Amino acid sequence: MKRLLNYLPLHFVVLLILGISTQFFCEFWQFGFLKLIGLLALISFFLLFVKYKKILTFLSFVLFFFVGVSVVYFNNDVNYKEYYQNHLSNNSTAILKVNSVLKSGNFYDKYEVEITQIDTNKTKGIVLLNVKKDSVLKPLKTDEFLFVKPIFKELIPPLNPYQFNYKSYLAKKGIHQQLFLENSQIKSLGFKETSLFGLSSIFRDKIQISLKKYQFKTDELAVIKALLLGQRQDISKELITDYSRAGAIHILAVSGLHVGIILLILSWLFKPFEKLRKGKFLKTFFIILFLWMFAFVAGLSASVVRAVTMFTFLAIGMSFKRKNVVEFSLITSMFFLLIVKPMFLFDVGFQLSYLAVFGIIRVQPKLYGIYKPRFIIDKKIWELVTVSVAAQIGILPLTLYYFHQFPSLFLLSNLIIIPCLSTILIVGILVITLSLLGVLPQFLADIYGFVISQMNNFVSWVSNQEEFLLKEISLSFLMMIALYVAITSLTRLLIYFSPKKIIYFLASILFVQSIFVFENYQKKTKKEFIVFHKSRKSVLGIRGGSRFEVHHNLDSLSFQKLNLIRSYKIGENVNQILETNINPIFKFNKIPVLLIDSLGVYQLNQLKNPIVVLQHSPKINLERLIRVLQPKQIIADGSNYKSYINRWKITSKKQKTPFHYTGRNGAYILKSKNSNF
């Protein structure tokens, strides 16, 4: 561990991550390319002549911090003069290039497209293209050029607390706007050039056409395409839910698990090369070649490229057979990936992959030493158990933070599925090869499809064991960090036992307990009034400590399925959700709140400066209401007609009264002055 902590690229990665995060979240650097390049050159110049070790170390850290800043700045299309928004006018036309085909929604096919030209100007920039579904016309293809008259729309942030932030998710991919078009509004310009991604897409299309001839069931074919071609578009929501609840969702995404298995298989296949002169070099060369061939077949998606890059460095490191070389290879691969694609840092798959592998490397050997298997079978089973547990330890806090559930039967799922996955991948590659050649026997296709179906059935059975799925687990970002500190301290203690490490571990436990006490105190003292946004419905909530009272006009079944309340409950770690009726007028934090529904009643004596909530499109004269009540704030929720909202907004602006529409501004949250937030 000490040798690893002294490994310079580890320090550089930490500073690189800090620089990437600072630039992305704070836009730290806004002074242009030339000044940034000049600053990097100046720091590098000083590094050549400074002899004092401490100053040299400090300047090195500063350099890699600014390298992190610079890679984000250079990768952000918004910073370039050629950015498409700088050339837009009212009647602009645009030429788009399809970069990738995304998973379709209920009403639109979705594509990631590059804006290559606005009018006569060459441009750059990526947007999300939504094309209305049409059963007659064929979907767009990768590398296809399109001519359109665009009306770009901003991405909408989440309208309620703790809901998935799709706008932020796309921003991390460099996408800030979207287009909504029908097929009649798009003119295809064909394929002017073919990229590597386009060639991969063409090859995968040929594979899919060849596989469809062999009578695979819908779910079987969808899983085959996910496992081997990296395409999850055709997997049903039910099947994705089953794999997620069973703790086996990683099976459906071509990632580190698949590439790691292929690496082990290739290492075994090419082991005889080691007997030859320069055999290790040849073995490593062919392993890397086949890994990247697999990446090509799997579509060169971000997750596949990340995984193959990581295991390419691992393959090189394994050829040296030196202590800690695997850790060094991982850190170096992370450094390389973040230099080339800094936004990978914010990808959940990237984070999970590296944490899982680090967990296996650091924890698995210690777990494996607990029991000494005597036979080959129990040795393999024990290896699989310890690898699964070690990987789960590595990713547990992060999965709880992102997904709020823990499939306690993950070990059972992995014990059955992972041994099968090696066979499924090997036979799958054979099935694809034979189908492309047109010589795949139907009986082999039937057997392969049967195995896939049995895997799906097993996963579905595990998923239905509700009592073993721990759901709605609340974990804050701060607590996640504290848990990782504790896990790291415990790992170091188990590997190299010493009194100092005992103290570090106890300090980490104290850190976890302190955060728990602090967050529990905040939860119990927090008070707020919330007007949520729900289209055509009204949902209000009053929070008092760990108790949350909700007033709504939904039926009981719809309320139980209401994600906005579930998200709030998990995000705030609320224990009690109660359905109640709220009085039309009440006080919150000594501020009167008036609810005006479709009846439009508001003539109340001695009521001044309230917060007014308009629900269910009341037919009122808002100008008169403002004159009579002089409200502090007017709020319109999602239950009102949009024509009414537009009229109220204009009136409020004329009367200089703050107006808040939840469908535009998001949920309205009024916090108590006594709240500790």
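The values are calculated or read from the model by the stated rules, or taken from the named source; none is laboratory data. Note that the structure is predicted; figures quoted are calculated from it, not measured. Methodologically, a virtual Cβ is constructed for each residue, glycine included, from the backbone with ideal geometry; neighbour enumeration extends over all protein chains shown.
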Next item on the list: Could you run through the stretch 169-206 and say how many residues are farther than 24 Å from Ala298 by Cα and part of a helix (DSSP H, G or I)?
Entry: 4
Next item on the list: Test Lys653 against the stated conditions and say whether it is part of a helix (DSSP H, G or I), of a type outside the set (A, V, I, L, M) and at pLDDT below 95.
Entry: yes
Note to self: Let me spell it out: the conditions are (1) among the basic types (Lys, Arg); (2) more than 41 Å from the chain's Cα centre (by Cα); (3) assigned to a strand (DSSP E or B), and Lys587 meets all of them except one. Which number is the exception?
What the structure shows: (2)
Notebook entry, point to check: Restricting the search to the stretch 462-474, which residues are surrounded by fewer than 13 Cβ atoms within 10 Å (Cβ to Cβ) and out of contact with any helix residue (DSSP H, G or I) (no Cβ under 7 Å at 6 or more places or on another chain)?
Noted result: Asn464, Glu466, Glu467, Leu470
Notebook entry, point to check: How many residues are touching an Asp or Glu at 6+ places or on another chain (Cβ under 6 Å) and either among the hydroxyl-bearing types (Ser, Thr, Tyr) or touching a residue at least 40 places away in the same chain (Cβ under 8 Å) (or both) if we restrict to the stretch 500-545?
Noted result: 3
Item checked: Selection from the stretch 598-636 of residues that are touching a residue at least 40 places away in the same chain (Cβ under 8 Å) and over 23 Å from Lys526 (Cα atoms) -> Gln615, His616
Item checked: Single residue of Leu314, Leu239 found to be in the same structural domain as Lys206 (by TED's automatic domain parsing), on the phi < 0 side of the Ramachandran plot and either over 29 Å from the mean Cα position of the chain (by Cα) or buried (at least 19 other Cβ atoms within 10 Å of the Cβ) (or both) -> Leu239
Margin query: Can you pull out every residue in the stretch 18-31 that is more than 18 Å from Ala171 (Cα to Cα) and in contact (Cβ under 8 Å) with a residue 24 or more places away in the chain?
Written below: Leu18
Notebook entry, point to check: Can you list the helices (runs of 4 or more DSSP H) found entirely within the stretch 234-321 that contain at least 3 residues being modelled with pLDDT under 85 and among the aliphatic types (A, V, I, L, M)?
Noted result: 256-269, 302-318
Note to self: Against the definition (of a type in the set (Ser, Thr, Tyr), within 23 Å of Asn581 (Cβ to Cβ) and at pLDDT below 90), how does Ser617 come out, yes or no?
What the structure shows: no
Checklist line | Odd one out for Phe145 among (1) farther than 18 Å from Asn86 by Cα; (2) surrounded by fewer than 18 Cβ atoms within 10 Å (Cβ to Cβ) | finding: (2)
Check: Picking from Met455, Met480, which residue would you name as being touching a Pro at 6+ places or on another chain (Cβ under 7 Å) and modelled with pLDDT of 85 or more?
Finding: Met480
Check: Quick one: would you say Tyr668 is buried (at least 16 other Cβ atoms within 10 Å of the Cβ), in contact (Cβ under 8 Å) with a residue 40 or more places away in the chain, of a type in the set (Phe, Trp, Tyr) and within 18 Å of Ser538 (Cβ to Cβ)?
Finding: yes
Check: What are the pairs, 6+ residues apart or on separate chains, where a residue within the stretch 444-460 that is in the same structural domain as Ser236 (by TED's automatic domain parsing) and on the phi < 0 side of the Ramachandran plot has its Cβ under 7 Å from a residue that is of a type in the set (A, V, I, L, M, F, W, C) and not in a helix (DSSP H, G or I)?
Finding: Ala445/Phe216; Gly449/Phe216; Val459/Ala246; Val459/Ala248
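Residue-by-condition table, conditions (1) touching a residue at least 60 places away in the same chain (Cβ under 8 Å); (2) in contact with a helix residue (DSSP H, G or I) (Cβ under 6 Å, 6 or more places away or on another chain):
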| site | (1), (2) |
| --- | --- |
| Asn76 | yes, no |
| Lys81 | no, no |
| Val98 | no, no |
| Tyr108 | yes, no |
| Leu137 | no, yes |
Margin query: So, Lys167, is that one under 26 Å from the mean Cα position of the chain (by Cα), touching a residue at least 12 places away in the same chain (Cβ under 8 Å) and over 30 Å from Ile473 (Cβ atoms) or not?
Written below: no
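Yes/no per residue for (1) over 25 Å from Thr332 (Cβ atoms); (2) in contact (Cβ under 8 Å) with a residue 12 or more places away in the chain; (3) assigned to a helix (DSSP H, G or I); (4) not small (Gly, Ala, Ser):
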site	(1), (2), (3), (4)
His11	no, yes, yes, yes
Val14	no, no, yes, yes
Lys51	yes, no, no, yes
Ile55	yes, no, yes, yes
Ser60	no, yes, yes, no
Next item on the list: For Ile339, indicate whether it is closer than 30 Å to Lys206 by Cα, surrounded by fewer than 21 Cβ atoms within 10 Å (Cβ to Cβ) and modelled with pLDDT of 85 or more.
Entry: no
Note to self: Of all residues being of a type in the set (Val, Ile, Thr) and assigned to a strand (DSSP E or B) in the stretch 512-566, which is nearest to Lys587 (Cα to Cα)? Just the residue, please.
What the structure shows: Ile542
Next item on the list: Please enumerate the residues belonging to the stretch 275-290 that are closer than 21 Å to Tyr354 by Cα and surrounded by fewer than 21 Cβ atoms within 10 Å (Cβ to Cβ).
Entry: Ile288
Next item on the list: Return a yes/no flag: does the stretch 214-230 have any residue that is polar (S, T, N, Q), within 30 Å of Ile361 (Cα to Cα) and either outside any loop (DSSP other than H, G, I, E, B) or touching a residue at least 12 places away in the same chain (Cβ under 8 Å) (or both).
Entry: no
Check: Here are some residues: Asp347, Asp378. Which one is charged (D, E, K, R), under 29 Å from Lys569 (Cβ atoms) and surrounded by fewer than 19 Cβ atoms within 10 Å (Cβ to Cβ)?
Finding: Asp347
Next item on the list: Could you grab me the full set of residues in the stretch 621-650 that are on the phi < 0 side of the Ramachandran plot and part of a loop (DSSP other than H, G, I, E, B)?
Entry: Asn621, Pro631, Lys632, Asp637, Gly638, Ser639, Asn640, Tyr641
Check: Which residue pairs have Cβ atoms under 7 Å apart, sit 6 or more places apart or on different chains, and have a first residue in the stretch 184-212 that is farther than 24 Å from Val305 by Cβ and a second that is surrounded by fewer than 12 Cβ atoms within 10 Å (Cβ to Cβ) and β-branched (Val, Ile, Thr)?
Finding: none
Check: Does any residue of the stretch 444-453 turn out to be more than 19 Å from Leu228 (Cα to Cα) and surrounded by 15 or more Cβ atoms within 10 Å (Cβ to Cβ)?
Finding: no
Notebook entry, point to check: Right, Pro419: buried (at least 19 other Cβ atoms within 10 Å of the Cβ), in contact (Cβ under 8 Å) with a residue 24 or more places away in the chain and farther than 22 Å from Arg204 by Cα or not?
Noted result: no
